[in-house]
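What follows draws every value from the coordinates through simple rules; no lab data is involved. Worth saying up front: this structure is predicted, and the values here are computed from it rather than measured. Reconstructed Cβ throughout: ideal geometry from the backbone, glycine too, with neighbour counts over all protein chains shown.
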Amino acid sequence: MKIIIILVALAILALALFWKPPQPTVRSEPVYKTQEQKGGNITIAVTPKILTPASQPAFDIVFDTHSVDLSFDVANASTLTDITKKTYGSAMWEGDPPSGHHRKGTLTFSRILREGAGPVTLTFKDIAGVPSWEFYFDI
């Protein structure tokens, strides 16, 4: 009987010394991969920077070409829509000005991304002779 009591006491002591309570789950932001499309002698690479509900959606964008002039207004050429076809307001471009063959910057939309928006589509219109460029992201 003494041996059983000693073993139980040792087991309790070992649990007290080595047991760690479970850590709370920390919700991290999803990591999105860069999507790239080519057409009209241009490459567009899009990486979501902020794409979570209750936040203003933002994307890092890179335009790259060796033969097309990139003199267009990125903000005016872009729209963001969700699964219900709701648009997320006007866009603001913070990046390279309209010129040259290489441009990069951040495109931010004015409206807050709603909860349950579902997949979103970032669309660019009339760039490098391509009528529509569409990038899809699950939220």
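Residue-wise test of (1) polar (S, T, N, Q); (2) over 17 Å from residue 35 (Cβ atoms); (3) touching a Ser or Thr at 6+ places or on another chain (Cβ under 6 Å).
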{"residue": "61", "(1), (2), (3)": "no, no, no"}
{"residue": "76", "(1), (2), (3)": "yes, yes, no"}
{"residue": "80", "(1), (2), (3)": "no, no, no"}
{"residue": "83", "(1), (2), (3)": "no, yes, no"}
{"residue": "102", "(1), (2), (3)": "no, yes, no"}
{"residue": "111", "(1), (2), (3)": "no, yes, no"}
{"residue": "120", "(1), (2), (3)": "no, no, no"}
{"residue": "129", "(1), (2), (3)": "no, yes, no"}
{"residue": "135", "(1), (2), (3)": "no, no, no"}
**Prompt:** Checking residue 126 against (1) outside any loop (DSSP other than H, G, I, E, B); (2) on the phi < 0 side of the Ramachandran plot; (3) loosely packed, with under 14 Cβ neighbours inside 10 Å, which test does it fail?
**Reply:** (2)
**Message:** Name the single residue that is surrounded by the fewest Cβ atoms within 10 Å (Cβ to Cβ) among those in segment 56-77 being of a type in the set (Val, Ile, Thr) and over 25 Å from residue 113 (Cα atoms).
**Reply:** 68
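Among the listed residues 36, 94, which satisfies the condition of being in a strand (DSSP E or B), over 15 Å from residue 126 (Cα atoms) and under 15 Å from the mean Cα position of the chain (by Cα)?
Details: 94 fails: under 15 Å from the mean Cα position of the chain (by Cα).
None of the others qualify; the one that does is 36.
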**Complete:** Picked from segment 78-102 (must be under 18 Å from residue 135 (Cα atoms) and among the charged types (D, E, K, R)), the residue surrounded by the most Cβ atoms within 10 Å (Cβ to Cβ) is 82
